[in-house]
1. So is Ile40 within 14 Å of the ligand (Cβ to nearest atom), in contact with a strand residue (DSSP E or B) (Cβ under 7 Å, 6 or more places away or on another chain), open to solvent by less than 30 Å² (accessible area, probe 1.4 Å) and farther than 18 Å from Pro148 by Cα or not?
2. Consider the range 171-195. How many of its residues are within 15 Å of Leu121 (Cβ to Cβ) and open to solvent by 40 Å² or more (accessible area, probe 1.4 Å)?
3. Quickly run through the range 19-31 and pick out the residues that are outside any helix (DSSP H, G or I) and open to solvent by 50 Å² or more (accessible area, probe 1.4 Å).
4. Collect the residues in the range 124-160 that are of a type in the set (Asp, Glu) and touching a strand residue (DSSP E or B) at 6+ places or on another chain (Cβ under 9 Å), keeping them in residue-number order.
5. Identify the residue in the range 87-133 that is open to solvent by 20 Å² or more (accessible area, probe 1.4 Å) and assigned to a strand (DSSP E or B) and, among all such residues, is nearest to the ligand (Cβ to nearest atom).
6. Can you confirm whether the range 45-57 contains a residue that is small (Gly, Ala, Ser), open to solvent by less than 50 Å² (accessible area, probe 1.4 Å), more than 8 Å from the ligand (Cβ to nearest atom) and assigned to a helix (DSSP H, G or I)?
7. Select from the range 134-170 the residues that are of a type in the set (S, T, N, Q) and open to solvent by 60 Å² or more (accessible area, probe 1.4 Å) and write down the one among them that is modelled with the highest pLDDT.
8. Within the set of pairs 6+ apart or on separate chains, which have a first residue in the range 132-149 that is closer than 20 Å to Gln109 by Cβ and hydroxyl-bearing (Ser, Thr, Tyr), a second that is exposed (fewer than 10 other Cβ atoms within 10 Å of the Cβ) and modelled with pLDDT under 75, and C-beta atoms under 6 Å apart?
Amino acid sequence: MDQEFWDDQYRERGQRWSGRVNGGLRVEVAGMQPGRALDIGCGEGADAIWLANNGWQVTAIDISTVALERARAAAGTESRIDWQYADPRVSPPPRASFDLVSAQYFPIQREPEHATLRGLLDAVANGGILLVVSHLITGPPPADWQGPDPGEFYQPPEIAAHLDDHWSIEVNESRPRVDLPVDNPHHEDLVLRARRLA
Ligand SMILES: C[S@@+](CC[C@H](N)C(=O)[O-])C[C@H]1O[C@@H](n2cnc3c(N)ncnc32)[C@H](O)[C@@H]1O
């Protein structure tokens, strides 16, 4: 799934996602002291905008220029978001730099040496939070499915298994999706929230 794939996904519709913050992020971040956040695969920007509105300084990255254009337009004059065209497979984010690293429905591709995954984990500052939310996939994809095999990507419980004793796992569960967008078939989330110990 490269830039062309994602740009096409976005161009298919004038607006691809709901335009609202993901419920999993909203619930998990509520009550946290705002700091520096990294939104990986920010798409059309709703999560980054919500974080900025709640006092976070946000770096929001995506591989799709179409999505980033929409995100910038949606954010208007919001100055607390740094929108970046970036692919963490190619350039890992800066180490120990974020109080929150959020991956909402972001496909983290499996790799033999786990380099991309390790880059994302390393970006979390001491005391900071890693939050990964994915769709719970059960059974084979529909017959007309043309996307990638979901097995190509890490799921949150597997990421949890990569965390050593420098981490505290606070949430690692499946649960009904909060604020399920209309007509969305993915009713169940896998949620991992882990804290890097200071
Ligand atoms: C399923 S969408 C989720 C978008 C957003 N997080 C949301 O929940 O609305 C996945 C996003 O990740 C981006 N993406 C996929 N692979 C990427 C990569 N290797 N580097 C950066 N962004 C990527 C896509 O362009 C897309 O915007």
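1. The answer is yes for Ile40.
2. Matching residues across the range 171-195 total 3.
3. Gly19, Arg20, Ala30, Gly31
4. The answer is Glu152, and nothing else.
5. Top of the filtered list is Gln109.
6. Checked the range 45-57: at least one residue is small (Gly, Ala, Ser), open to solvent by less than 50 Å² (accessible area, probe 1.4 Å), more than 8 Å from the ligand (Cβ to nearest atom) and assigned to a helix (DSSP H, G or I).
7. Thr138
8. Final answer for the pair search is none.
The values are calculated or read from the model by the stated rules, or taken from the named source; none is laboratory data. Since the structure is predicted, the reported quantities are computational estimates derived from the model, not experimental observations. Note that each Cβ is placed from the backbone with ideal geometry, even for glycine, and that neighbours are counted across all protein chains shown. When the accessible area is computed, the model is the full protein with side chains, heavy atoms only, and any ligands, DNA or RNA have been set aside. Shrake-Rupley method; radii C 1.70, N 1.55, O 1.52, S 1.80 Å.
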